[in-house]
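The values are calculated or read from the model by the stated rules, or taken from the named source; none is laboratory data. These numbers were taken from a predicted model, which means no experiment stands behind them. For neighbour counting, all protein chains shown are included, and Cβ atoms are generated from backbone atoms with ideal geometry for every residue, glycine included. Only protein heavy atoms, including side chains, enter the accessible area calculation; ligands, DNA and RNA are left aside. Shrake-Rupley method; radii C 1.70, N 1.55, O 1.52, S 1.80 Å.
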Amino acid sequence: MTAAVRTIATQPFDDQRAGTAGLRKKVQVFQQANYLENFVQSVFDTHPGFAGTTLVLGGDGRYHNDTAIQTILAMAAANGVARVIVGLGGIVSTPAASHLIRKYDAHGGFILSASHNPAGPRGDFGIKFNIRGGGQAASALTDAIYARSCEIDRYRCVDADTIDLHNLGTQTLGDLTIEVIDTTEDYAELMESLFDFDAIRALLTSDFRFAFDAMHAVTGPYAKRLFVERLGASPDSVRNAVPLPDFGGGHPDPNLVYAADLADEVITRGALDFAAASDGDGDRNMILGRGLFVSPGDSLAVLAANARLIPAYRDGIAGAARSMPTSRALDAVAAQQGFEAFETPTGWKFFCNLLDAGRIAVCGEESFGTGSDHVREKDGLWAVMAWLNLLAARRGESVADVLQAHWKTFGRHYYERHDYEDLSGEQADRVMQALRQQLTALPGRQFEGLTVTVADEFSYDDPIDGSRAEGQGLRVVFGDDARIVVRKSGTGTSGATLRLYLEERRSDEWELTLPTREVLSALASVADTLCGLREHTGRDAPSLIT
Ligand code: G16
């Protein structure tokens, strides 16, 4: 049955430019009349070829997820989409959405999430559009969508009753077919095609003490399906497994601050052999081993170095990539093992061309993101599975054993990120400017026994499509020994967040297990001297250190 298409007049909003990963705003912003509609119609208007194709739709289950899905379904029907695949309950993790787009050859997908940001009526909401192939829209497309959103004067929708998202099956809305599917099944199958399930099952059903914390966000159902149903882990090993609209009032950012209880259990009390957590939309991961935290940069380097232990990479990897602020632990592995290493700007979208071209197989970021060429998003559960596969293959070795052997071979890159949150835009700009104006004078100068070899503003020329991204962060490099990086976050929803990244490499054996804070304190002082952090922010300390 054809549903009548209505054309609704609207006025543009001037703030729909995508950040590092889509459009993220307070829920109240998205609740304004026509706000979501304008953005979605701008995508339909800008990106050709939706008519008669498939779209993937879902989100991390946060507050406003259901309402937004109903709106997008009514608009998809009016814009000629033939089929929308929606996750049961409207829930699809970001990596699972990327997989579904690839598996069902969809023209693209809308992923509704503000990642790890808190949820609820006063929390954050977000939307991003992923293209055919599963990757995030590249900057050229997000710029075009933004330009369209600045001039939009109408959107299309059909009148529709509420679509039932809570039962599996097929419904129609005009000429649109809506399929509600259980995406955990597709995702578990994908994992089974990559990893040694028998070996991981043997590990998880032994006396190995394991826990995964879904933080009341999207990964709960996926983790239950994988670890408990497929791999035999005990049901209580998956914690906080029910996705809640407000994430249980928590902050589902898997790091030592927001997953402090788990960290205490594993690091301080040594009560588990291995534990992990994921974030709101399931793309981030934190890895913990008995007595220690695995920094995201180390995790990426260890997985790249041990990739051959994973069935999907048994022949080795062609290359790997990290974002510029991510520690150079990966580069040390690439240099020794002879694979290509790439340094890209912050934002997973910059990995996608390299993944599509087969130039890299694994990639990762300091912001707790790790992934591979199996999808075009970072994938929290993939990282957990990769570590479990590694530990199963190196049976008898603990996470600490694996890390110590790694550092002995490649050196250790001590690493910290200091976030200054809720600054004014001017405060953040003053810090950036203080450093920027010294860049040309820095090479050759010495600080705390370290000599500056390079000081610049990072730009990136994509080797696949030739596009150029400029202004991607300031970096002061002290050869292979250390680095200071400063940039402004592109994911916040209030004020400006400044990120300071500190990295120092040590390779003598006695220096491999020092407290990170101790190693990096001199470098932090150098950064303060160079950027005038205290002076320009008026803060004595960062808001958050990860
Ligand atoms: C997003 C991006 C990541 C980026 C992170 C932090 O992750 O996908 O590539 O590293 O934000 O970005 P920024 O430093 O600009 O705030 P997520 O997990 O928030 O979608």
Which number comes out as Rg/Rh for the stretch 72-130 once both Rg and the Kirkwood Rh are worked out on C-alpha atoms?
-> 0.99
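Going by average Cβ neighbours within 10 Å, how do the peptides 344-357, 416-429, 436-449 rank, with the highest at the top?
Values: 344-357: 23.1, 416-429: 17.6, 436-449: 12.9.
Peptide ranking by packing, descending: 344-357, 416-429, 436-449.
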Antiparallel DSSP bridges in the stretch 210-327: what percent, to the nearest 5?
-> 55
Mind checking the dipole of the chain: about its Cα centre, +1 per Lys or Arg Cβ, -1 per Asp or Glu Cβ, Debye to the nearest 20?
-> 220
Percent antiparallel among DSSP beta bridges with both residues in the chain, to the nearest 5?
-> 70
Using a simple spin-label model with points 7 Å from Cα along the Cα→Cβ vector, what separation in nm is obtained for V454 and L256?
-> 2.8
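Using the heavy atoms of the protein chains alone and a 1.4 angstrom probe, what is the accessible area of the stretch 128-217 per residue in square angstrom? Intermediate results must be reported in sequence, preceding the final value.
Numbers: 3870 Å² over 90 residues.
So the stretch 128-217 comes to 43 Å² accessible per residue, rounded to a whole number.
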Summarise the accessible area of the stretch 1-143 (1.4 Å probe, protein heavy atoms) by the percent that is carbon and sulfur.
-> 53
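What percentage of the solvent-accessible surface of the stretch 347-444, computed with a 1.4 Å probe over protein heavy atoms, is contributed by carbon and sulfur atoms?
On the way: 1260 of 2980 Å².
Reported share for carbon and sulfur atoms: 42 percent.
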Using Cα centres only, tell me the gap between the stretch 324-340 and the stretch 486-539 in whole Å.
-> 21
Taking only protein heavy atoms and a 1.4 Å probe, what accessible area per residue, in Å², does the stretch 258-319 have with all protein chains in place?
-> 30
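What size of dipole, in debye to the nearest 20, comes out for the stretch 412-533 about its Cα centre when the only charges are +1 on Lys and Arg C-beta atoms and -1 on Asp and Glu C-beta atoms?
200
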Where Lys and Arg each count +1 and Asp and Glu each count -1, what net charge lies around K349 among other residues with Cβ under 13 Å from its Cβ?
-> -4
Inter-part gap, Cα centre of the stretch 246-316 to Cα centre of the stretch 93-137, in whole angstrom, is 22
Please give the length that would be gained between Q11 and D175 if that part of the chain were fully extended, namely 0.36 nm times their separation in residues minus their C-alpha to C-alpha distance (nm, one decimal).
-> 56.2 nm
Report, in degrees rounded to the nearest 10, the 0 to 90 angle that the Cα long axis of helix 35-46 makes with the longest principal axis of the chain.
-> 90
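What GluC sites (Glu not before Pro) in the stretch 455-538 are in a loop by DSSP, with at most 16 other Cβ atoms within 10 Å of the Cβ? Walk me through the numbers on the way to the answer.
Values: sites: E457, E470, E503, E504, E509, E511, E518, E535; in loops: E470.
Here the sparse-neighbourhood loop sites are E470.
Based solely on its DSSP helices, what 222 nm [θ] is calculated for the chain when runs of n ≥ 4 H residues each add -39,500 (n - 2.57) and the sum is averaged over all residues, nearest 500 deg cm²/dmol?
On the way: 17 runs with 166 residues, N = 546.
The helix-only estimate for the chain comes to -9000 deg cm²/dmol at 222 nm.
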With all protein chains present, how much of the accessible area of the stretch 197-272 (probe radius 1.4 Å) comes from carbon and sulfur, to the nearest whole percent?
-> 52
Förster radius 25 Å - calculated FRET efficiency between T529 and D429 (Cβ-Cβ, nearest 0.05) | 0.85
In nm, spacing of pseudo-spin labels at T162 and E340 (7 Å Cα→C-beta vector) | 5.1
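Under 13 Å from the Cβ of T184, count the other residues' Cβ atoms, weight Lys and Arg +1, Asp and Glu -1, and hand me the total. Working shown, then result.
Values: positive: K224, R225, R230; negative: D182, E185, D186, E189, E192, E229.
Value of the local net charge: -3.
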Under a point spin-label approximation (7 Å from Cα along Cα-to-Cβ), what is the L544-D246 distance to one decimal in nm?
-> 1.9
State the number of lysine pairs found in the chain whose Cα atoms come within less than 24 Å, restricting to pairs 8 or more positions apart or on distinct chains.
-> 19
What is the local net charge at D196, summed over the other residues whose Cβ is closer than 14 Å to its Cβ (Lys, Arg +1; Asp, Glu -1)?
-> +4
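What's the magnitude of the charge dipole for the stretch 208-272 around its Cα centre, counting Lys and Arg as +1 and Asp and Glu as -1 at the beta-carbon? Answer in Debye, nearest 20. Present the calculation step by step, with values, prior to reporting the outcome.
Details: 6 positive and 8 negative charges, 61 e Å.
Dipole of the stretch 208-272, to the nearest 20 debye: 300 debye.
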Could you provide, to the nearest whole Å², the per residue accessible area of the stretch 1-58 with probe 1.4 Å?
-> 44
Determine, for each peptide in 220-233, 271-284, the mean count of other beta carbons within 10 angstrom over its residues, then list the peptides with the highest first.
-> 271-284, 220-233
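Stretch E470-E518 to full length: gain in nm at 0.36 nm per residue minus the Cα-Cα span? Display every interim value, and only then the final one.
On the way: separation 48, 0.36 × 48 = 17.28 nm, distance 3.37 nm.
Residue separation times 0.36 nm, minus the Cα-Cα distance, leaves 13.9 nm.
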